[in-house]
Amino acid sequence: MSHELRTPLTSILAFARILRGTDSLDDKTRSAVEEIEANATLLLNMVNNILTISKAEAHKNELVVEPVDFVDLVGFIKKSLEPVAKNKGIALTAKTAPDVPLSMADWEKLRRIVENLVDNAIKYTHVGGTVDVLVTFDGAAVVLAVADDGIGIEAADQEGIFERYQQAGQSPNRRYRGTGLGLAVVKELTELHGGTVSVVSARKHGSTFTVRIPYVPVDTEEYDEEDPAGR
Ligand code: ADP
């Protein structure tokens, strides 16, 4: 069923983006369009998460690998979540270190991993906070870090949050809406890549989620420079 939910949502999102790009909008209309875009983005992410979890239960998630350019990936994510961040007055930055190589990975699944982390970082950070995405390379893995200066997570809760439907410190978090699937999806899609995910956080002092995706060099015979998609 999730497939059927995705199509109309994608359409709402696309038309909201077209409208936002129009110059003639008055302030009230512009903020209404931004609201539609931000909420459609969040809803689409939730639908995608439900789809990923049901596929995980049926062992049907598979990698579709291609050469991934991380500058391109985080740029794309920043653009798509900018309206959500703006809605909450949060400054969102995305940086990729210059030595991060192209690596064979599943672009769409990496996008879902980082989108979920950024979505959470925005959700669990107060108005006016900051969310920073940083991509680095340690020689063996591409390291994707999403840091916020939000509400943080108590040590006792940090392990359980990667399980489905587990939410930390129930009472304060009840103010924030969520399905409890985001981090389970992050874990599933990271492990599908043979990677790991971890968190460093302290209550009221923000959180940093770090995903390590093993570096897989691009086979230059199959993917030459002029035809990166290998078609
Ligand atoms: P939810 O839909 O509840 O956000 P997730 O699986 O994405 O579900 O996250 C599980 C729980 O982990 C959240 O309910 C929240 O308590 C905690 N959490 C996740 N990301 C953050 C973050 N960046 N800051 C503080 N708490 C977080």
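Before moving on, here are some points about what is shown:
- Scanning the stretch 8-37 for residues that are part of a helix (DSSP H, G or I) and without any contact (Cβ under 8 Å) to a residue 12 or more places away in the chain yields Pro8, Ser11, Ala14, Phe15, Ile18, Asp27, Lys28, Thr29, Arg30, Ser31, Ala32.
- Within the stretch 152-163, residues that are touching a residue at least 24 places away in the same chain (Cβ under 8 Å) and within 17 Å of Lys123 (Cα to Cα) reach partners that are within 8 Å of the ligand (Cβ to nearest atom) and part of a helix (DSSP H, G or I) with beta carbons closer than 7 Å, at six or more positions or on different chains, in the pairs Ile153/Ile161; Ile161/Leu183; Phe162/Leu183; Phe162/Ala184.
- Considering the conditions (1) closer than 26 Å to Val100 by Cβ; (2) in contact with a Gly (Cβ under 8 Å, 6 or more places away or on another chain); (3) at pLDDT 95 or above; (4) loosely packed, with under 14 Cβ neighbours inside 10 Å, Glu222 is excluded by exactly one of them, (3).
- Elements of type strands (runs of 3 or more DSSP E) in the stretch 104-205, at least 1 residues being within 8 Å of the ligand (Cβ to nearest atom): 141-148, 196-201
Residues checked against (1) closer than 16 Å to Val114 by Cβ; (2) touching a Lys or Arg at 6+ places or on another chain (Cβ under 8 Å); (3) aliphatic (A, V, I, L, M):
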| residue | (1), (2), (3) |
| --- | --- |
| Lys28 | no, no, no |
| Glu35 | no, no, no |
| Thr52 | yes, yes, no |
| Lys55 | no, no, no |
| Asn61 | no, yes, no |
| Glu66 | no, no, no |
| Phe76 | yes, yes, no |
| Leu81 | yes, no, yes |
| Asn87 | no, no, no |
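- Answer residue from the stretch 85-103, given it is in a strand (DSSP E or B) and out of contact with any Asp or Glu (no Cβ under 7 Å at 6 or more places or on another chain) and is nearest to Ile151 (Cα to Cα) among those: Ala91
The values are calculated or read from the model by the stated rules, or taken from the named source; none is laboratory data. Because the structure is a prediction, the values reported are computed rather than measured. Ideal geometry is used to build each Cβ from the backbone, glycine not excepted, and the neighbour counts take in all protein chains shown.
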